[in-house]
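Working notes, structure below.
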């Protein structure tokens, strides 16, 4: 009797685990996402090579202290410091593998630094973006919520 209950539990666990992970598809990430803190909205799209990228399509504060559109002033390349933050592609190279998007990069316009990155989803409307140096162990995760169109 105990063996049967244990066996049934293992079968149920395998079925539930496979069912929950099978629900994530590569294109589930596409769309608009509200960043943690609500400072920006990012549109994630598929590139011509089948990878995934993201650009800033809305800013809570789109202008600097002088009333002009914010630019990439912290970029280490002086030639890029005048490019606008709005519509800046700052995520790129993500490939879907085993229910997550890996091998990506994220550019942090607030610091001018670029990091390796990976993305996972806890559900269809919650995205976890992890930027890191070297290994994902040495990084930070931010959570975004899907923007629902009205």
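Values for this structure:
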| quantity | calculated |
| --- | --- |
| Residue count for the stretch 122-148, restricted to those that are closer than 18 Å to residue 38 by Cα and in contact (Cβ under 8 Å) with a residue 40 or more places away in the chain | 7 |
| Candidates 15, 2, filtered to the one that is over 15 Å from the mean Cα position of the chain (by Cα), loosely packed, with under 10 Cβ neighbours inside 10 Å, modelled with pLDDT under 95 and over 17 Å from residue 118 (Cα atoms) | 2 |
| Residue within the stretch 41-50 that is in contact (Cβ under 8 Å) with a residue 12 or more places away in the chain, over 30 Å from residue 25 (Cα atoms) and part of a loop (DSSP other than H, G, I, E, B) present | no |
| Considering residues of the stretch 92-126 that are at negative phi and touching a helix residue (DSSP H, G or I) at 6+ places or on another chain (Cβ under 7 Å) only, the residue surrounded by the fewest Cβ atoms within 10 Å (Cβ to Cβ) | 124 |
| Residues of the stretch 135-150 classified as farther than 21 Å from residue 108 by Cβ and outside any loop (DSSP other than H, G, I, E, B), total | 1 |
| Qualifying position, being within 19 Å of residue 34 (Cα to Cα) and out of contact with any strand residue (DSSP E or B) (no Cβ under 6 Å at 6 or more places or on another chain), among 68, 60 | 60 |
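The values are calculated or read from the model by the stated rules, or taken from the named source; none is laboratory data. Just so it is clear, the model here is predicted, and its values are computed rather than measured. As a convention, Cβ positions derive from the backbone with ideal geometry for all residues, glycine included, and neighbour counts pool all protein chains shown.
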